[in-house]
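Data block below; observations after.
The values are calculated or read from the model by the stated rules, or taken from the named source; none is laboratory data. Computed from a predicted structure; not experimentally measured. All Cβ positions, glycine included, derive from the backbone under ideal geometry; neighbour counts span all protein chains shown. Just so you know, the surface numbers come from the protein's heavy atoms only, side chains and all, with ligands and any DNA or RNA stripped out. Shrake-Rupley method; radii C 1.70, N 1.55, O 1.52, S 1.80 Å.
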Amino acid sequence: MPTIEELTEIAERERERWRGFAHRILVCTASGCASAGSGAVLEALQQEVKRQGMEERCVVKGVGCLGLCAAAPLVAVESADLLYQGVAPGDAGEIVAALGRQPVARLACPVDIPFFRKQMKIVLENSGVIDPERIEDAIAHGGWQALVTALTEMRPHEVIEQVTRSGLRGRGGGGYPTGLKWTTVAKAGAGEKYVICNADEGDPGAFMDRSVLESDPHRVLEGMAIAAYAVGANKGFIYCRAEYPLAVKRLELAIKQARRLNLLGNNILGTPFSFAVEVRLGAGAFVCGEETALMASIEGKQGRPRPRPPYPAELGLFGKPTLINNVETFANVPAIIREGGEWFARIGTAHSKGTKVFALAGKVVNTGLIEVPMGTTLREIIEEIGGGVPDGVRCKAVQTGGPSGGCIPAAYFDTPVDYESLRELGSMMGSGGMIVMDESSSMVDVARYFMEFCTAESCGKCVPCRAGTQQVHDLLVKLLRGEGSEEDLALIEELCELMREASLCGLGQSAPNPVTSTLRHFKGEYEALLAGRGGEV
């Protein structure tokens, strides 16, 4: 059983191993780059290092997401602060031959651009840096140190106090104060308790949680272990959708490696604290992102929501008090324990602290994964970090929050991104999906698409969601065919209000948001359809 001192030795040996190489080449192996062939690039670079006789001076390793997915496959030369984009296996020889010399100009990607410069990485600080399949690399970069600190220097209530001081709010979309949720579970008594990581990321266009799990699974596991220590739990589950095979593979490997080093399991690092984690796979039901449906699925039941209260903190998994947070929430915890809650609270805005990870997608030049301080404006994210819409086309709107969010017109792009500001515009933060649309997009058709999604994903348990989503979808189709009337428009608004007030869970309650936000900000497009100047389905 490794001791705390032996963990320190592991970290130092790993750092020394890296210091021995003059050149360090990092290849992104997360899903975005892997789908573009980065696996073959990694193999070609490793072979080329051998062919050119540079094994003693150069090391090539696979890492997690390097962020700029639009330029995949990405290869970083860490020792030269250099990034190559659109790399093919045939470029390997040229890249290796250029080490220590002039870079390969035709592949070079500028690193001093707003996409990189304007980010602030807390959750993603080790993404694209460590080998996610090697726990020693994670430890060498500070991984698991916060758990050691919590177990050896802090009492459970002191851990919760730091999380509370940080002002961290749930990154799954609801924005509930994390410290308050942890306090509630901690006060639930001394019996059996559970910790669940919600990795059932189902929003169209969202890939934040997937990228974090593929790039730095140890950070999420460490955050869960700290949370379990704080609230008095000894069993955890990560509920991850089966459509994320690489994330699942790396999670399971990370759990196995952490058990080997006694960072998970019984009497962790010789302390009285024990914590075991299992991965449970979801079958792709969007409604299982709702916490009561998620727990039912883990229990082997059909994933359907139940009324609340009682809340999971009081009556959760298997009838026991349960703490549920999403991937990004747990990934913030190690940094908060390491640096202190007050440090985290100085980042962001008065009511939305810290940073937020976004998946930037759609009609934007720099699609990819970003992390920015809360309060960064939509304009900074879309026009500066994202590089704007390609080919000089005007940006029309951005959709935030997935099917539960709304569409925000370009006129409001100076709005700071925080929980309250987005809600005032009829949208929400959500888990972090951000889809940019240009002038070619029909906002009524966008509303129809998201309502179609919600109709298909409704569990059918409650009538307002089951019937309401279908009826609103059919009315939107009728409008798009040029067959709608003023009465149809009025009925859409009435049905949206009914769903919001009477649906059982968040899926039905928030399903109207894409419709109501487009009615609010793009009413002219609906009126044009009524006047016979519309589109088609």
Can you tell me which residue within region 156-180, out of those that are part of a loop (DSSP other than H, G, I, E, B) and touching a helix residue (DSSP H, G or I) at 6+ places or on another chain (Cβ under 6 Å), is surrounded by the most Cβ atoms within 10 Å (Cβ to Cβ)?
-> ARG171
If we scan region 282-293, do we find a residue that is closer than 19 Å to ASN234 by Cα and not aliphatic (A, V, I, L, M)?
-> no
Examine region 487-502 for a residue that is touching a residue at least 60 places away in the same chain (Cβ under 8 Å), open to solvent by 20 Å² or more (accessible area, probe 1.4 Å) and touching a Leu at 6+ places or on another chain (Cβ under 7 Å), and state whether such a residue exists.
-> no
If you go through region 245-291 one residue at a time, how many are open to solvent by 10 Å² or more (accessible area, probe 1.4 Å) and touching a Phe, Trp or Tyr at 6+ places or on another chain (Cβ under 6 Å)?
-> 3
When residues of region 308-323 are filtered for being open to solvent by less than 10 Å² (accessible area, probe 1.4 Å) and either under 28 Å from GLY143 (Cα atoms) or in contact with an Asp or Glu (Cβ under 6 Å, 6 or more places away or on another chain) (or both), how many remain?
-> 3
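Quick one: count up the residues across region 292-307 that are open to solvent by 40 Å² or more (accessible area, probe 1.4 Å) and either within 21 Å of GLY170 (Cα to Cα) or assigned to a helix (DSSP H, G or I) (or both).
Step one: of region 292-307, the residues open to solvent by 40 Å² or more (accessible area, probe 1.4 Å) are 299-302, 304, 306-307.
From what is left, the residues that are either within 21 Å of GLY170 (Cα to Cα) or assigned to a helix (DSSP H, G or I) (or both) are 306-307.
Count: 2.
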Under the condition of being in contact with a strand residue (DSSP E or B) (Cβ under 7 Å, 6 or more places away or on another chain) and of a type in the set (A, V, I, L, M), which residue from region 328-361 is farthest from ARG171 (Cα to Cα)?
-> ALA361
For PRO272: the one exception among (1) touching a residue at least 12 places away in the same chain (Cβ under 8 Å); (2) over 19 Å from GLY174 (Cα atoms) | (1)
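Yes/no matrix, rows are residues, columns are (1) open to solvent by 10 Å² or more (accessible area, probe 1.4 Å); (2) at positive phi; (3) not in a helix (DSSP H, G or I):
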{"position": "VAL357", "(1), (2), (3)": "no, no, yes"}
{"position": "VAL372", "(1), (2), (3)": "no, no, yes"}
{"position": "ARG379", "(1), (2), (3)": "yes, no, no"}
{"position": "LYS396", "(1), (2), (3)": "yes, no, yes"}
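Within region 78-100, is there a residue that is among the hydroxyl-bearing types (Ser, Thr, Tyr), outside any helix (DSSP H, G or I) and under 17 Å from VAL129 (Cβ atoms)? Give the derivation first.
Going through region 78-100, the residues among the hydroxyl-bearing types (Ser, Thr, Tyr) turn out to be 79, 84.
Then drop every residue that is not outside any helix (DSSP H, G or I), which leaves 84.
The next check asks that each one be under 17 Å from VAL129 (Cβ atoms); those that pass are 84.
Looking for residues that are among the hydroxyl-bearing types (Ser, Thr, Tyr), outside any helix (DSSP H, G or I) and under 17 Å from VAL129 (Cβ atoms), one finds at least one in region 78-100, hence yes.
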If you scan region 454-486, which residues turn out to be open to solvent by 40 Å² or more (accessible area, probe 1.4 Å), within 16 Å of THR516 (Cα to Cα) and out of contact with any Leu (no Cβ under 8 Å at 6 or more places or on another chain)?
-> GLN470, ASP474
When residues of region 12-33 are filtered for being among the hydrophobic types (A, V, I, L, M, F, W, C) and surrounded by 20 or more Cβ atoms within 10 Å (Cβ to Cβ), how many remain?
-> 6
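Does at least one position in region 118-141 carry a residue that is among the hydrophobic types (A, V, I, L, M, F, W, C) and either open to solvent by 50 Å² or more (accessible area, probe 1.4 Å) or without any contact (Cβ under 8 Å) to a residue 40 or more places away in the chain (or both)? Talk me through it step by step, then tell me what you get.
Taking region 118-141 first, the residues among the hydrophobic types (A, V, I, L, M, F, W, C) are 120, 122-124, 129-130, 135, 138-140.
Next, only the ones that are either open to solvent by 50 Å² or more (accessible area, probe 1.4 Å) or without any contact (Cβ under 8 Å) to a residue 40 or more places away in the chain (or both) stay: 120.
For region 118-141, residues among the hydrophobic types (A, V, I, L, M, F, W, C) and either open to solvent by 50 Å² or more (accessible area, probe 1.4 Å) or without any contact (Cβ under 8 Å) to a residue 40 or more places away in the chain (or both): present.
Is it fair to say LYS235 is free of Cβ contacts under 8 Å to residues at least 60 places away in the same chain and basic (Lys, Arg)? Full working, then the answer.
On the way: free of Cβ contacts under 8 Å to residues at least 60 places away in the same chain: yes; basic (Lys, Arg): yes.
Spelling it out, LYS235 is indeed free of Cβ contacts under 8 Å to residues at least 60 places away in the same chain and basic (Lys, Arg).
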Lone qualifier among ALA350, ALA345 - being open to solvent by 10 Å² or more (accessible area, probe 1.4 Å), within 21 Å of the chain's Cα centre (by Cα) and not charged (D, E, K, R) | ALA345
How do the pairs read when you match residues in region 164-178 that are in contact (Cβ under 8 Å) with a residue 40 or more places away in the chain and under 18 Å from THR400 (Cα atoms) with residues anywhere that are of a type in the set (Phe, Trp, Tyr) and outside any loop (DSSP other than H, G, I, E, B), using Cβ under 6 Å and keeping only pairs 6 or more apart or on different chains?
-> GLY175/TYR419
Residue among SER404, SER440, SER427 that is over 20 Å from the mean Cα position of the chain (by Cα), within 28 Å of ASP474 (Cβ to Cβ) and either surrounded by 22 or more Cβ atoms within 10 Å (Cβ to Cβ) or in contact (Cβ under 8 Å) with a residue 12 or more places away in the chain (or both) | SER440
ALA88 passes all but one of (1) out of contact with any helix residue (DSSP H, G or I) (no Cβ under 8 Å at 6 or more places or on another chain); (2) surrounded by fewer than 24 Cβ atoms within 10 Å (Cβ to Cβ); which number fails?
-> (1)
What's the number of the condition GLY535 fails, among (1) part of a helix (DSSP H, G or I); (2) at pLDDT below 95?
-> (1)
